[in-house]
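Report on one structure; see the data block that follows.
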Amino acid sequence: MRHIKLITALALTLCLSFTLVAKPKIRIIATGGTIAGVSATSASSAYTAGQVGIQTLIDAVPQILQLADISGEQLVNIGSQDMNDEVWLKLAKRINVLLNEEGYDGIVITHGTDTMEETAYFLNLTVKSDKPVILAGSMRPSNAISADGPANLYNAVAAAVSPACKGMGVLCCMNNQLLDAKTVIKTHTIDCDTFEGGPSGIIGYIYNGEAHILQAPMNKHTKESEFDVTKLDKLPKVGIVYGYANASPLPMQAFVDAKFDGIVLAGVGDGNFYKDVFEVAVKAQNQGIQIVRSSRCPTGPTCLNSEVDDAKYHFVAALDLNPQKARVLLMLALTKTHNWQEIQEFFMKY
Ligand code: DGL
């Protein structure tokens with residue numbers, strides 16, 4: 001009889017200890033977007049992003065409370081087409097404090113999808129932790145029929161508590177998929193499966209609340225990054241010029257006249273310029289404005305010294321970065337150097 005009592009007491013203690021084991025501490029930082037959007041009617045495609053607050057988003061997915069010790073904060077509530085340097089700097093600094101000083105085990109950021117890939121890449125280069133940092137959004141507003149936000153938020157928390165996501169850099173979690181910050185790209189204006197991982201594909205996926213990692217990012221990121229925004233309250237000015245047949249040199253000239261620090265070209269093919277634009281680019285480079293050649297092509301590298309003699313003009317080739325991500329890296333590179341060869345090395349590493 002005594003044995004039975006002992007075994008029962010032991011079993012109860014074990015059960016109690018399992019339930020009392022602390023869940024991972026996850027902070028959800030809300031910035032707005034469609035995931036916080038509201039449409040006039042659930043069937044309407046007309047909606048406004050950034051209407052619903054963080055607590056409403058958390059209350060809509062009570063199941064996340066089983067995964068983690070959840071708390072939230074509202075950084076901004078904007079459509080991500082209005083994302084800007086000020087929010088990026090605030091976000092990076094806040095995440096570093098939460099992860100490195102306040103003991104959080106992971107971060108989820110709710111964000112619009114329009115510029116999610118840019119914010120993800122900026123954070124990939126400025127977060128100083130290997131703990132999971134996961135961005136989630138949605139393509140349908142919060143009150144739409146079959147809204148995709150709640151599932152994306154649940155999956156993002158599942159990824160944030162998963163040890164498998166540690167050291168993977170900043171990830172985006174959309175449509176059951178995990179995509180890394182360098183290669184993630186929004187490919188479709190309205191479809192829920194809009195995010196893709198480019199030629200290297202997705203990093204992993206979430207299934208039944210479990211994160212499955214398929215591959216690790218090849219580039220340097222987070223703790224290995226040389227970029228530090230702690231002491232920065234603004235970023236260098238870098239614009240993007242779109243290339244096309246018979247292109248006008250006026251947009252590039254306007255950036256030069258406005259004394260921008262760098263200009264990225266979304267060039268045709270392998271980062272080529274129309275001759276009038278090329279002329280302005282050479283002058284800009286000679287005035288100390290760093291030119292980076294990227295491409296309007298959705299996939300494929302912009303190769304160094306291929307159709308354009310970069311060494312001769314001191315241009316930088318964006319390699320695997322599309323124009324919007326080349327701009328992010330050039331902004332951060334210019335906080336450390338204006339030397340074109342050192343900047344090219346950053347493009348080879350990150
Ligand atoms: N205004 C867009 C944004 O906030 C809506 C797109 C979305 O969040 O899915 O990025």
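The values are calculated or read from the model by the stated rules, or taken from the named source; none is laboratory data. Quick caveat, the model's predicted, so the values are computed rather than measured. Note: ideal-geometry Cβ built from the backbone for every residue, glycine included; neighbour counts use all protein chains shown.
If LEU153 satisfies every condition in (1) in contact with a Ser or Thr (Cβ under 9 Å, 6 or more places away or on another chain); (2) over 26 Å from GLN51 (Cα atoms) but one, which is the exception?
(2)
Being in contact with a Pro (Cβ under 7 Å, 6 or more places away or on another chain) and either surrounded by fewer than 21 Cβ atoms within 10 Å (Cβ to Cβ) or hydroxyl-bearing (Ser, Thr, Tyr) (or both): is that true of LYS166 here?
Numbers: in contact with a Pro (Cβ under 7 Å, 6 or more places away or on another chain): yes; either surrounded by fewer than 21 Cβ atoms within 10 Å (Cβ to Cβ) or hydroxyl-bearing (Ser, Thr, Tyr) (or both): yes.
Against the criterion (in contact with a Pro (Cβ under 7 Å, 6 or more places away or on another chain) and either surrounded by fewer than 21 Cβ atoms within 10 Å (Cβ to Cβ) or hydroxyl-bearing (Ser, Thr, Tyr) (or both)), LYS166 qualifies.
Mind counting the residues in the range 27-81 that are more than 15 Å from the ligand (Cβ to nearest atom), among the small types (Gly, Ala, Ser) and touching a residue at least 40 places away in the same chain (Cβ under 8 Å)?
Total meeting the criteria: 6.
With the condition kept exactly as written, say whether any residue in the range 94-108 is under 21 Å from the mean Cα position of the chain (by Cα), within 23 Å of LYS237 (Cβ to Cβ) and more than 15 Å from the ligand (Cβ to nearest atom). Let's see the steps before the verdict.
Here is the first cut: in the range 94-108, the residues under 21 Å from the mean Cα position of the chain (by Cα) are 94-100, 104-108.
Now restrict to residues that are within 23 Å of LYS237 (Cβ to Cβ): none.
No, every residue in the range 94-108 fails to be under 21 Å from the mean Cα position of the chain (by Cα), within 23 Å of LYS237 (Cβ to Cβ) and more than 15 Å from the ligand (Cβ to nearest atom).
Please identify the pairs in which a residue from the range 127-142 that is at negative phi and within 11 Å of the ligand (Cβ to nearest atom) has its Cβ atom under 6 Å from the Cβ atom of a residue that is among the polar types (S, T, N, Q) and at pLDDT below 95, counting only partners at least 6 apart or on another chain.
SER138/THR34; PRO141/THR34; PRO141/SER39
In the range 109-126, which residue that is over 10 Å from the mean Cα position of the chain (by Cα) and within 15 Å of the ligand (Cβ to nearest atom) is surrounded by the most Cβ atoms within 10 Å (Cβ to Cβ)?
The extreme case among them is THR110.
Just for the range 69-93: of the residues that are within 27 Å of ILE202 (Cβ to Cβ) and assigned to a loop (DSSP other than H, G, I, E, B), which one is farthest from the chain's Cα centre (by Cα)?
Residue satisfying both the conditions and the ranking: GLY79.
Can you pull out the residues in the range 17-38 that are assigned to a strand (DSSP E or B) and at pLDDT 85 or above? Spell out how you get there, then give the answer.
Narrowing the range 17-38 to residues assigned to a strand (DSSP E or B): 25-32, 38.
The answer is LYS25, ILE26, ARG27, ILE28, ILE29, ALA30, THR31, GLY32.
Exactly one of these conditions fails for SER146: (1) buried (at least 21 other Cβ atoms within 10 Å of the Cβ); (2) under 23 Å from SER45 (Cα atoms). Give me its number.
(1)
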